[in-house]
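Trainee: The following block contains the structure, expressed as structure tokens.
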Amino acid sequence: MEKDNVIELVQPGEFKDQLTAVLRQGTQALFLQAVEAEFAAFLESHSAEKPSR
């Protein structure tokens with residue numbers, strides 16, 4: 001029996017298994033929601049300030 005040392009290369013951002021792809025998409029969605037919530041809180045906390053001219 002001959003051993004094969006060929007390694008299949010996967011392009012960055014591509015996954016062979018569906019679970020990894022689903023987890024990555026979910027993580028990206030949660031991260032985006034967190035950033036949006038943080039930005040909304042920042043805008044709310046500074047909404048009373050007027051820009052100086």
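What follows is calculated from the coordinates using simple rules that are stated; it is not laboratory data. For clarity, every value in this text was computed on a predicted model and none was experimentally measured. Cβ coordinates were reconstructed from backbone atoms using ideal geometry, including for glycine residues, and neighbour counts include every protein chain displayed.
Trainee: Per the helix-only calculation at 222 nm, which mean residue ellipticity applies to the chain, given -39500 (n - 2.57) for every DSSP H run of n ≥ 4 and division by its residues, nearest 500 deg cm²/dmol?
Mentor: When only DSSP H runs of four or more count, the value is -19000 deg cm²/dmol.
Trainee: If you place +1 on the Cβ of every Lys and Arg, -1 on the Cβ of every Asp and Glu, and leave all else neutral, what size is the dipole of segment 1-46 about its Cα centre, to the nearest 20 Debye?
Mentor: Around 40 debye, computed over segment 1-46.
Trainee: Let me ask you something else. Between residue 20 and residue 42, what is the label-to-label distance in nm when each label sits 7 Å out along the Cα-to-Cβ direction?
Mentor: Computed distance between label sites residue 20 and residue 42 equals 3.3 nm.
Trainee: Please list the radius of gyration and Dmax for the chain, considering alpha-carbon atoms only, with Å as the unit.
Mentor: In order Rg, Dmax, the Cα atoms of the chain give 22.5, 80 Å.
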